[in-house]
Amino acid sequence: MYASREDIGYDFGDDSKVGSKPIKPNPNIDGGWAWMIVLSSFLVHILIMGSQMALGILNMEWLEEFNQSRGLTAWVSSLSMGITLIVGPFIGLFISMCGCRTTAIIGGILNALGWILSAYASNVHYLFLTFGVTAGIGSGMVYLPAVVMVGQYFQKRRALAQGLSTTGTGFGAFLMTALLKYLCTEFGWRNAMFIQGAISLNLCVCGALMRPLSPKDLREKCAVRSDSEENQAKALSHSTETIKSNGVLGEEPEKKEEAANEEVLGSVQHTEIGGKSGSGRSMYGLRLFKTVSQLTVTVRKGFALWYSSYFGAASLFTNRVFVAFIIWALFAYSSFVIPFIHLPEIVKQYNISREDNVFPLTSIIAIVHIFGKVILGIISDLPCISTWNVFLMANFTLVTCILTLPLMQTYIGLAVVCALIGFSSGYFSLMPVVTEDLVGTKHLANAYGIIICANGISALFGPPFAGWIYDITQKYDFSFYIAGLLYMVGIVFLLIQPCIQKKQPREKSTEEAQV
């Protein structure tokens, strides 16, 4: 029923056989500073994703302050959440040029600026620009590097590391809800946003902790992965098409370009050494020219990598399983967000507000979500377990819960379904792992940027679509049924593509045998 590791061309991780020449492991891979990266990513999830889960507190304040419709006011929160994810592909360009650390620090400043400027909002449209766009872009510039760096620092325990770091979303939902509620009560919502902006400056500290691996360390890590990927590719087919579909991208043109760039910089250095006898002014000009040349080389190299990943001959979109993964992401995230938005109204309709006030259903989802991420991460790292199968099982459980939820009309029944939703949605911690297995560490930033962009589109339009269905039918039942069916379509794409990819090498080898 499920695809095996060989079916989809993944490297799920037997690193015991690297090759004939042993490679000395870096102590910071799967240990050492890698755990500081996990801590940094954990704090990023608290400050960004946790804050976005708590925006319901501010949404109530904005409704009272500006007296606008609920639909218009809700777009402030939707823009912030959606843009955080939608800008992913463009943040991949920044990472290619500047690296994860610089991108995250700039994003932390931009996010804090968005919060602080929002404290002076005179209308909802002002919040669209300051909070929705400015803070949203800043959040995206920190969130993507936080995920990418964990993938770079971990090889054997990637799923566990991603699971631990992303539990910050659940913790943040509790901490930020309590904090914003207290600040709004004591100081008012404007001062609360100003204080939250100051707190968000800690994102710059999280970015500073993202110490990049040296090129040598990255080569060693890639050598471990590429060796097993080569064996899989040979077993399947020797054709170029198969290699591309497994995410192995050519690097020969890039090496030639690097050699040309080094030659240019070398000539500049030679001129600088030869001109030491000249005036200080000419030396300053040479140093300035050298700096500009280095910056130009970095920008060109980063843009070339980013462009080739999306539009080049070895584009990420030539990977059919990755394209199916994108289609799945377009439908998946809204199924997780819709319950957070509409459960309070469902509770009121079923007259179970009293029980919900004691222990809110959304809190049940958030608490169990934390354990789901960690437990699914631990299970996926077991040598006998396929991460792909765990990922699919969690998706099937979640879509079943979404379709079942409208049938539950008691608090106990809804609580059980919400607990299952929280646990099964823990597969979010496996998404970076699955993405890296598809495209490799080198292209993880661009590839995961596309995936979270698709999630952002889903988060942006999913809840309003569910509200629109309610306006037509006066029931939330059809909102969950339609969301569940669309989610199932995405899962079907994930199941079909590995089967097609498995058949193609066999069909080709049969044709070669006949010739």
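In the stretch 153-215, which helices (runs of 4 or more DSSP H) lie fully inside it and hold 2 or more residues that are farther than 24 Å from residue 35 by Cβ? Don't jump to the end; show me each part of the working.
Details: elements: 158-166, 168-187, 189-200, 202-208.
Helices (runs of 4 or more DSSP H) meeting the threshold: 168-187, 189-200.
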> Across the stretch 331-352, what is the total count of residues that are modelled with pLDDT of 75 or more and surrounded by fewer than 20 Cβ atoms within 10 Å (Cβ to Cβ)?
Replying inline: 4
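Can you confirm whether residue 429 is closer than 28 Å to residue 148 by Cβ, open to solvent by less than 10 Å² (accessible area, probe 1.4 Å) and at pLDDT 85 or above? Before the answer, list the steps.
Working: closer than 28 Å to residue 148 by Cβ: yes; open to solvent by less than 10 Å² (accessible area, probe 1.4 Å): yes; at pLDDT 85 or above: no.
In short, no.
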> How about the stretch 155-176: which of its residues are farther than 15 Å from residue 375 by Cβ and out of contact with any Ser or Thr (no Cβ under 6 Å at 6 or more places or on another chain)?
Replying inline: 155, 156, 158, 168, 169, 171, 172, 173, 174, 175
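With respect to residue 422, determine if the residue is open to solvent by less than 10 Å² (accessible area, probe 1.4 Å) and within 21 Å of residue 347 (Cβ to Cβ). Don't jump to the end; show me each part of the working.
On the way: open to solvent by less than 10 Å² (accessible area, probe 1.4 Å): yes; within 21 Å of residue 347 (Cβ to Cβ): yes.
Taking the combined requirement at face value, the residue satisfies it.
Table: residues versus (1) closer than 22 Å to residue 154 by Cβ; (2) outside the structural domain of residue 364 (by the TED database); (3) open to solvent by 20 Å² or more (accessible area, probe 1.4 Å).
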| position | (1), (2), (3) |
| --- | --- |
| 385 | yes, no, yes |
| 389 | yes, no, yes |
| 396 | no, no, yes |
| 411 | no, no, yes |
| 418 | no, no, no |
| 458 | no, no, no |
| 461 | no, no, yes |
| 465 | no, no, yes |
> Which of (1) open to solvent by 10 Å² or more (accessible area, probe 1.4 Å); (2) at pLDDT below 80 is the odd one out, the single condition residue 407 does not satisfy?
Replying inline: (2)
>> Pull out all pairs, ordered by first then second residue, where Cβ-Cβ is under 7 Å, the residues are six or more apart or on different chains, the first lies in the stretch 411-440 and is under 12 Å from residue 336 (Cβ atoms) and outside any helix (DSSP H, G or I), and the second is open to solvent by less than 10 Å² (accessible area, probe 1.4 Å) and not β-branched (Val, Ile, Thr).
In response: none
> Taking the condition open to solvent by less than 20 Å² (accessible area, probe 1.4 Å) and assigned by the TED database to the domain that holds residue 107, does residue 203 pass?
Replying inline: yes
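Go through 390, 399, 374 for me and flag whichever is more than 20 Å from residue 488 (Cα to Cα) and either touching a helix residue (DSSP H, G or I) at 6+ places or on another chain (Cβ under 6 Å) or assigned to a helix (DSSP H, G or I) (or both). Don't jump to the end; show me each part of the working.
On the way: 390 fails: more than 20 Å from residue 488 (Cα to Cα); 399 fails: more than 20 Å from residue 488 (Cα to Cα).
Going through 390, 399, 374 in turn, the sole match is 374.
The values are calculated or read from the model by the stated rules, or taken from the named source; none is laboratory data. On a predicted model such as this, the values are computed, not experimentally measured, just so you know. Neighbour counts run over all protein chains shown; Cβ positions are idealised from the backbone, glycine included. Accessible surface is based on the protein model in full, side chains and every heavy atom, while ligands, DNA and RNA are left aside. Shrake-Rupley method; radii C 1.70, N 1.55, O 1.52, S 1.80 Å.
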